[in-house]
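Just so it is clear, none of the values below were taken in a lab; they were calculated from the coordinates. Note that the coordinates shown come from a computational prediction; the quantities given were computed from them, not determined experimentally. All Cβ positions, glycine included, derive from the backbone under ideal geometry; neighbour counts span all protein chains shown.
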Amino acid sequence: MKNYILNFIELTIVKYFALPLILFCNLLYSQKTENVSISMNDLNALYIGVENFLTIAIPGVSSGNLTVKISPGSIEGKDGKYIAKVYKRGSATIEVFNQGELIETVEFKSLFIPSPVPYLGNLTGDTNSKREDLISAECISAEIPNFLLNLKFKVTSFSMQVSLIKQDRSVTNVKMLNPHDGCLTEEMKAYILNPNIESAIHFDDIKVQCPDGAIRRINNRITIRLTDELLNKLDLEQQKVILQNAEILFKEQRILAQKNEMKQQASVLKKQNRLILKRKNEIIAHEKEILFQKNVLNAQVIKIKNQNTFLSISIIVILGVVFLMVFSIRSNRMVKNANLKLAEQNIIIARKNHEITDSINYAERIQRSILPPLVEVETALPESFILFKPKDIVSGDFYWFFESVDKILIAVADCTGHGVPGAFMSAIGSEKLNEAVMRSDDVSAILQSVNIGMKKVLHQSGDGNSTNDGMDIAICAFDKDMTKLVYAGANRPIWVLRNGNNIIEETKATKAAIGGYTIDEQEFVKHEINLQKNDTVYLFSDGFADQFGIGNNKKLKTKSFKKEILVNQLKSMEDQKWHLDSFIENWKGTLEQTDDILVVGIRV
């Protein structure tokens, strides 16, 4: 009943809110001026990776005299009918010329195609169904509900998960993969008809081929809850055996608890007996001490009675007591004054610490804004992850991303230091990368340009009097078809794990840092690496391998880092990120994090 209500709410929102909103956006982005009319046949915006049909006209001017340009992007057509393509999220500007003269400039938004919704037949989301209806559905499809464009999505792979009940009533999870198409395999159908599975069947890891040819993973999953009566029937004898075993186990646990309680009571009695014996010995010793002191006191009384100086001794004792009282009062007053000053200093220190922490937290927001948005990276590289764990609030490690028409560039950098000094260095490094990529997308030329730029900003020279601050970096450029990458590095290597192999191929970097004492003429060697389907590329700083462990207080080291990647290579990139994060936290335990940690994984 809950699922039906949710489906009804979803359809109501789409019908009465989403469709009017889409029509409003379509009117909003149809740009018109007094002289130029630019309208779209089917679109309410320019969408990335597909053909956008535009009609452009000027009243009283022949459409054959018009020329049109778009930036960034490309546009083709004539006689007022054009097809525009955009490649990057943000905005695109269309310029209209009449016989070479610029008439109008109009700006459109560039948007990503929304993620499609998966369907098994007509089932989606969390749904109830019978087994025979599930089998007859056959295949999984994907589409964007109520979308203005008629886009086609082809399901390329998915997985099905069920929980199988064994004869001993234990439960094991079974996961089956169809890496070829979106249809149920014979094995999957057999499991669906198996009476020993639990009532829920999950379809996830669904990947589709978009209209632009890109492969995208759908975050939504399909959960089918079986409604047939077969799952609710258990053998009566099995139920009796289970109840008997449960009763026996309960009695055994109760007997064990009683035995443990008796052992605890015996232990408590032993401790009490030892304590009583100890107290008895202490009382005997104390009585002996009292008797001894009594004898001493009697001797002193007799001696005092026989002396004439009793009064003098009493006066001296009284004066001594008065002196001690005065000294104690004065000491207490001094201690109180010192405590007040200490409390005031603690308040000042706490206020300063709060101000410093607020400043660093604001600096962390600034640093996060400098880093490229994860949605851009995930859109360009859907099979990827970024594990970013600063040692302090702000980080000396950073990642950098840039997408051009034909290339995707990504880099991992490790600046000198961490915390606030490292964050300053990372801001400089990120800015110099942005400046360098505007001049050239060659990875070797980018590193050489960043080296010169960072030395200039930090006023560094080779005379030994300047600072040695700089950064290590690994940068690579992928072709859009992901069949080749070009890599260059400054003291940071790159790892490539081929599909199905158990050996990581390491390409070493040039042994020179960016900035510091590195000369301006330093060249950084670039390497071309051919890639195949399901190959995985890893870039990383040294923080993961240098982390000390709580068990032995030793560094993890690169060998153990490689081992964790190899044993989890068949997992999805998101699961790999979760595993590496969980592993390093368990390894670190309660120890302080040694350095900033940054790991980037990309699967072809």
(request) Rank the residues 394, 106, 335 as a footprinting-exposure proxy: fewest other Cβ atoms within 10 Å of their Cβ go first. (result) 335, 106, 394
(request) Could you pull out every one of the aspartates and glutamates with an alpha carbon less than 18 Å from that of residue 455, ignoring same-chain neighbours closer than 8 positions? (result) 414, 431, 435, 463, 469, 472, 520, 521, 523
(request) Classify region 474-562 as rounded, prolate or oblate, taking a ≥ b ≥ c as the square roots of the eigenvalues of its Cα gyration tensor: rounded when a/c is under 1.5, otherwise prolate if a/b is larger than b/c and oblate if not. (result) oblate
(message) Distance cut-off 27 Å, Cα to Cα: go down the list 554/577; 407/456; 175/557; 456/484 and report the pairs above it.
(response) 407/456; 175/557; 456/484
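Multiplying the sequence separation of residue 272 and residue 378 by 0.36 nm and subtracting their Cα-Cα distance, what value in nm do you get?
The residue 272-residue 378 span can extend by a further 31.5 nm.
For region 403-529, what percent of Cα pairs sit more than 26 Å apart? Intermediate results must be reported in sequence, preceding the final value.
Numbers: 1803 of 8001 pairs.
It works out to 23 percent of all Cα pairs.
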(request) Please work out how much length the chain gains when fully extended from residue 215 to residue 139, using 0.36 nm per residue of separation minus the C-alpha to C-alpha distance, in nm with one decimal. (result) 25.5 nm
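With r defined as the distance between the Cβ atoms of residue 590 and residue 392 and R0 fixed at 22 Å, what FRET efficiency is calculated, to the nearest 0.05?
For R0 = 22 Å, the calculated efficiency reads 0.80.
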(request) State, to one decimal in nm, how far the label point of residue 227 lies from the label point of residue 557, with both points 7 Å from Cα in the Cβ direction. (result) 6.0 nm
(message) Shape verdict for region 460-519, please, from the Cα gyration tensor: rounded (a/c under 1.5), prolate (a/b greater than b/c) or oblate.
(response) prolate
(request) Sort region 371-603 into rounded, prolate or oblate with this rule: let a ≥ b ≥ c be the square roots of the eigenvalues of the Cα gyration tensor; rounded if a/c is under 1.5, and if a/c is not under 1.5, prolate when a/b is larger than b/c, oblate otherwise. (result) oblate
(request) Could you tell me which trypsin sites (Lys or Arg not before Pro) in region 542-604 are loop residues by DSSP with no more than 16 other beta carbons within 10 angstrom of their beta carbon? (result) 554, 571
(request) Starting from the Cα of residue 391, draw a straight line to each of the lysines and keep only those under 17 Å, dropping any in the same chain fewer than 8 residues away. (result) 555, 588
(message) Could you tell me the calculated FRET efficiency between residue 480 and residue 200, based on Cβ-Cβ distance and R0 = 30 angstrom, to the nearest 0.05?
(response) 0.15
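Just to be sure I understand: if I project the alpha-carbon convex hull of region 117-232 onto a plane and average over all orientations, what area do I get in nm²? Working shown, then result.
Values: hull surface 29.9 nm².
The orientation-averaged projected area of the Cα hull of region 117-232 comes to 7.5 nm².
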(message) With the cut-off at 28 Å, tell me which of the pairs 109/526; 154/508; 166/251; 432/562; 508/563 have Cα atoms farther apart than that.
(response) 109/526; 154/508; 432/562
(message) Straight-line reach from residue 278: which lysines fall under 26 Å, measuring Cα to Cα and dropping same-chain residues less than 8 apart?
(response) 263, 270, 288, 294
(request) Report the net charge of residues surrounding residue 70, where surrounding means a beta-carbon distance below 11 angstrom and charges are Lys +1, Arg +1, Asp -1, Glu -1. (result) -1
(request) Rounded to whole Hz and in sequence order, give me ³J(HN,Hα) for region 136-144 from the Karplus expression 6.51 cos²θ - 1.76 cosθ + 1.60, θ = phi - 60°, writing x for Gly and Pro. (result) 5, 5, 6, 10, 9, 10, 8, 7, 9
(request) Compare the Cα positions of 560, 530, 576 along the charge dipole of region 522-593 (+1 at Cβ of Lys, Arg; -1 at Cβ of Asp, Glu; about the Cα centre) and return the one farthest towards the positive end. (result) 560
